[in-house]
Amino acid sequence: VSGEKACFLILTADSFRGPYTLVKADFRPLGKKAGDFDLVQEEGGTRAFLYFDSEHRGVSAMELTDDYLDVQPAEVMSYEGLYPPFCREGIAHFMKNGRHYLFTSGMTGYIPNPSDTAVSDDWMKTYQSIGSPHTEDTSSASFNSQISAVFHHPFRKNLYLVLADRWVPDFVMTQERYAWIERTIGARFAPEKYHPTREDGEKLMASPLLGSANTSVADYVLLPVTWEDDRPVIRWMDEWTIEDFV
């Protein structure tokens, strides 16, 4: 549940298709309002971990209890001290060679923005930012998309695939557009730093924000991840096939 309520519903079932039984309503991990999240189970094990936007104040990492119906009391925070549009959401966790990675987006509603990569050597240690994975993107908007999930190909060890939402495909982002979006949103939290014009504010209000976006026309972007040492890089490819990758 999103918005002011910002909580989870927990349901259980004996099979994937249900029927499901509601176990907990209005669940907030350790009392925290929960936004965008990723829920990850340890490969080959039973431990599970929750990463979520914690009240727009950082990304929280928590381990689930053994029955998966609650969280352990320990919490680790990453990306603290940020404000919109820089605080993080759209969280996607993945692993490579024992290292943990998070892809996240900034906070501009359905309008895309620059992604970031963070890395840690453990499930429950603070993640450190290493910059945008879209190193050749010129739109300041992650190729006009928001990463939602990362998949490791089961038969190609080094191939990872990124699925990203393109919520408002007709609203094509540019560096110029992102600049006035950043100015206008940032001024609400750091007025001493940002000085938007009246025109900036009018353009933002006319943009496809949360309440005005027509997401029925949304589509997807699917791209491979390439690697520069231990750093994941996402480059635009008009066409590609699985066979292009070892």
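The values are calculated or read from the model by the stated rules, or taken from the named source; none is laboratory data. Remember, it's a predicted structure, so these values are computed and weren't measured experimentally. Because the Cβ atoms are built from the backbone with ideal geometry, glycine has one as well, and the counts that use them run over all protein chains shown. Ligands, DNA and RNA are excluded from the accessible area calculation, which covers all protein heavy atoms including side chains. Shrake-Rupley method; radii C 1.70, N 1.55, O 1.52, S 1.80 Å.
Below, the figures for the structure above:
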{"quantity": "Region 126-202 shape via C-alpha gyration tensor axes, a/c threshold 1.5", "calculated": "prolate"}
{"quantity": "Environment charge of Ala218, counting only residues whose C-beta is closer than 10 Å and scoring Lys/Arg +1, Asp/Glu -1", "calculated": "-1"}
{"quantity": "Rg/Rh ratio calculated on Cα atoms of region 55-105 (Kirkwood radius)", "calculated": "1.02"}
{"quantity": "For peptides 86-93, 18-25, 197-204, sequence by mean Cβ density within 10 Å, most packed first", "calculated": "86-93, 197-204, 18-25"}
{"quantity": "Net charge over other residues, Cβ less than 14 angstrom from the Cβ of Thr174 (K, R count +1; D, E count -1)", "calculated": "-2"}
{"quantity": "Percentage relative contact order, region 8-118, counting C-alpha pairs under 8 Å, at least six apart", "calculated": "16 percent"}
{"quantity": "Accessible area expressed per residue, the chain, with surrounding protein chains retained (probe 1.4 Å, Å²)", "calculated": "55 Å²"}
{"quantity": "Long-range amide H partners of Tyr110 with built H, under 5 Å", "calculated": "Leu210"}
{"quantity": "Lysine pairs within the chain, Cα separation less than 23 Å, 8 or more sequence positions apart or different chains", "calculated": "10"}
{"quantity": "Residue order for Met62, Met77, Met95 - accessible surface, 1.4 angstrom probe, largest first", "calculated": "Met95, Met77, Met62"}
{"quantity": "Residue-wise HN-Hα coupling along region 101-115, computed from phi with Karplus coefficients 6.51, -1.76, 1.60 (Hz; x: Gly, Pro)", "calculated": "10, 10, 9, 9, 10, x, 10, 9, x, 8, 7, x, 8, x, 7"}
{"quantity": "Apportionment of accessible area to carbon and sulfur, the chain, percent (1.4 Å)", "calculated": "51 percent"}
{"quantity": "Calculated [θ] (222 nm, deg cm²/dmol) that DSSP helices of n ≥ 4 give over the chain, each run adding -39,500 (n - 2.57)", "calculated": "-2500 deg cm²/dmol"}
{"quantity": "Spin-label pair Glu192/Thr135, simplified geometry with 7 Å Cα→Cβ offset, distance in nm", "calculated": "3.6 nm"}
{"quantity": "Residues of region 82-119 with amide N under 15 Å of the 7 Å Cα→Cβ point at Lys203", "calculated": "112"}
{"quantity": "Residue-count net charge about Leu9 - beta-carbon cut-off 13 Å; Lys, Arg +1, Asp, Glu -1", "calculated": "+2"}
{"quantity": "Mean Cα-pair separation over length for the chain, i.e. relative contact order, pairs under 8 Å, 6 or more apart, %", "calculated": "12 percent"}
{"quantity": "Fully extended contour minus Cα-Cα distance, from Asn158 to Gln175, at 0.36 nm per residue", "calculated": "2.9 nm"}
{"quantity": "Paired Rg and Dmax values of the chain, which use every Cα atom, in angstrom", "calculated": "18.7, 56"}
{"quantity": "Amide proton proximity set for Ala48, modelled H, under 5 Å, gap of 5+", "calculated": "Glu42, Leu64"}
